[in-house]
Every structure is written in structure tokens, then in C-alpha cells.
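Report on one structure; see the data block that follows.
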Amino acid sequence: DVAKFTATVLTEGRTLSPAQEENSRKSGAVTAFLKAKGIAEKDIKTRDYAISPRYVYPQPCRSEVCPLETTLPRIVGYQVRSSYEITIRDLGLVNDVLGGVVPAGVNEISGIVFTIDDPEKLKAEARKLAIENAEEKAEALARDLGRRLGRMVSFSEGGAITPRFFAELQSFGGKGGGSAAPSIEPGENEIVVGVSLTYELR
């Protein structure tokens, strides 16, 4: 019932301040788009903010004595990267959101995951069903043996399995791709609980 993905805004500039300003502008536009789609502020989390210089490396010096400035890489610009973890609680919005964040300013989308927001509630329901199933099997086995079930002497639980469905990763280089919404299907997740009940037979 929940989709999560990482959206990255990547900007470049010859100097740092313009690159940061452009990144902030695009990030603000992305946030505004997400909120307009009904994504709560608590579901838009900053995962990373990084600044990296871009270098130009000189050609190899063929002289026996090379000036130091001709052998060192030179900074020619900066790259600013802001990454956000987006949580979508209405799966009907997934395709529209994925298709809309790119025109809003996102360059990269990755790590699309469909999962369960509150697995403990479903785990409790699955445990109850597993216990009922085990009791029915125990009663049937006792009847087949011509016996009756006595008291339960032990109970154990084999744990829960909550699969996470990973959709295909997407990346949009440069200024982003088109505005067409992708088709992403959440599929189906399961929570599986196994129990073991031991009874006395009478």
C-alpha cells in the first residue's frame, strides 16, 4: 500500500553559487509539485546533499621540466546534487508522480520499492489465521487417530516474511526526459507467518 523512490536534482555551474541557487530553485519546484499531488511534507525526506568540483586534466607535459600549474588538474565548475526519498501512500498516483517530477526538475529516479506501511497489523492477522489453520489440522489428525485433543503444551512461531517489490530503476540524464507518465505496476506483496502447535492426545 506504499511506494517509495529516490528522486535526485542535479545541477552544474562554472561557479558554486549559481549552481546552488539553480539546485534550490529546481528542488523547490519539485517539492511544490509533490505537495500539489497530495504528498505530505513528512513523506518528502532529504537523503543527501553533495557538492562536487568538476576538473579538467591537462595534457601530459613532454618537457623534462614542467611548470607545476601545467601538471595539476584545474577546477572548471561545480556539481550540486540533492536527493530525496519520496513516499506515496496512494498507489493510484505513482505513475503521475513519476512522470511529473522530471519536468519539475528531477534528473534521476531510482530505487522504486512497493512495500507495506504497517506490516505488524497484517502480521497479527496472518498469525491468527495460521493458528486457526493449525488447530483445524490438529483436530482432524486427532479424529483420524481415534483420539481427542488435550491441552496445548507448546507454541512456536516461524517468523514473518514481507517481500518488497522493486520496480525497474529509471534515470534521466541532462535536463530530464519527456513528460509521459511511465507504467509502473505494484504487483502483490504477501506477509507469511508460520506457527507450530503441540497438543497432548487423549
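The values are calculated or read from the model by the stated rules, or taken from the named source; none is laboratory data. This one's a predicted model, so the numbers in the text were calculated from it and none came from an experiment. Neighbour counts are summed over all protein chains in view; Cβ atoms, including those assigned to glycine, are modelled from backbone coordinates with ideal geometry. Accessible surface is based on the protein model in full, side chains and every heavy atom, while ligands, DNA and RNA are left aside. Shrake-Rupley method; radii C 1.70, N 1.55, O 1.52, S 1.80 Å.
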Practice task
May I ask you to verify whether P186 is within 30 Å of K26 (Cα to Cα), within 17 Å of the chain's Cα centre (by Cα) and modelled with pLDDT under 80?
Solution key: yes
Completion exercise
The condition of being under 27 Å from E190 (Cβ atoms), out of contact with any Gly (no Cβ under 9 Å at 6 or more places or on another chain) and in contact (Cβ under 8 Å) with a residue 24 or more places away in the chain holds, among T6, T115, only for T115
Handout entry: Verdict on I191 being modelled with pLDDT of 70 or more, surrounded by 13 or more Cβ atoms within 10 Å (Cβ to Cβ), within 22 Å of A3 (Cα to Cα) and in contact with a strand residue (DSSP E or B) (Cβ under 6 Å, 6 or more places away or on another chain)
Key = yes
Practice task
Being of a type in the set (S, T, Y), out of contact with any helix residue (DSSP H, G or I) (no Cβ under 7 Å at 6 or more places or on another chain) and modelled with pLDDT of 95 or more is the filter; apply it to segment 66-110 and report the residue that is nearest to T46 (Cα to Cα).
Solution key: Y84
Problem - V153 being β-branched (V, I, T) and either under 39 Å from the mean Cα position of the chain (by Cα) or at pLDDT below 90 (or both) - result: no
Exercise for the section: Check E139 against each of (1) at pLDDT below 90; (2) assigned to a helix (DSSP H, G or I) and name the one condition it does not meet. Expected result: (1)
Practice task
Could you tell me whether segment 124-139 includes any residue that is open to solvent by 80 Å² or more (accessible area, probe 1.4 Å), closer than 30 Å to I184 by Cβ and touching a helix residue (DSSP H, G or I) at 6+ places or on another chain (Cβ under 9 Å)?
Solution key: no
Exercise for the section: Could you tell me which numbered condition V113 fails, if it satisfies all but one of (1) modelled with pLDDT of 90 or more; (2) touching a Phe, Trp or Tyr at 6+ places or on another chain (Cβ under 8 Å); (3) closer than 27 Å to I39 by Cβ? Expected result: (1)
